[in-house]
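Here the structure comes first, spelled out in structure tokens, and everything after it is commentary.
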Amino acid sequence: MFCKNCGSEINDDAAFCDKCGASTKNGEIEKNVTVIYDQNIQKEATRYASTALKFALIGLLCCVCCGFPLLLGIPAIYFGSLAIKNNESEIEKAKISIGIGVIDIIIFIIIIIVGAANQ
């Protein structure tokens, strides 16, 4: 058998060409690599939604429960938009995070205005 890439003679049972390293299979290796790559991208996108939700909830809890304004709505919106941009499977979680992030920013502004008015 001959290599499809460089034309070198190779054994009939060889999986790769000894000279150029090309696969002798009909794209099976490349397809497997693509599937693994897509799965890794999906895992990273899922992390964005989870991170966004954590920032949004912590920011909201600090503003409402403690009266301590942390501006965590901005990273919540940022990571939520990254999750949506990457077409992740948990897109609803990302949208909720963005909504809570906006509410967090509004509460932050209200606390700052009320605090300034009381002085």
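Values in this text are rule-based calculations from the coordinates and carry no lab data. Here the structure is a predicted model, which means the values were calculated and not measured. All Cβ positions, glycine included, derive from the backbone under ideal geometry; neighbour counts span all protein chains shown.
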Check Phe16: other-chain or 5+ apart residues with amide H under 5 Å from its amide H, H built from backbone geometry?
Thr24
I need the phi-derived Karplus couplings for the stretch 51-65: 6.51 cos²θ - 1.76 cosθ + 1.60, θ = phi - 60°, integer Hz, Gly and Pro marked x.
5, 4, 5, 4, 4, 5, 5, 5, x, 5, 5, 5, 6, 7, 7
What percent does the relative contact order of the stretch 55-114 come to when contacts are Cα pairs within less than 8 Å and at least six residues apart?
43 percent
What is the packing order of peptides 5-16, 101-112, 72-83, taking the mean over residues of other C-beta atoms within 10 Å and listing the highest first?
72-83, 101-112, 5-16
Out of residues 5 or more away from Ile10 or on other chains, whose amide H comes under 5 Å of its own, with H placed 1.01 Å from N in the peptide plane?
Phe2, Cys3
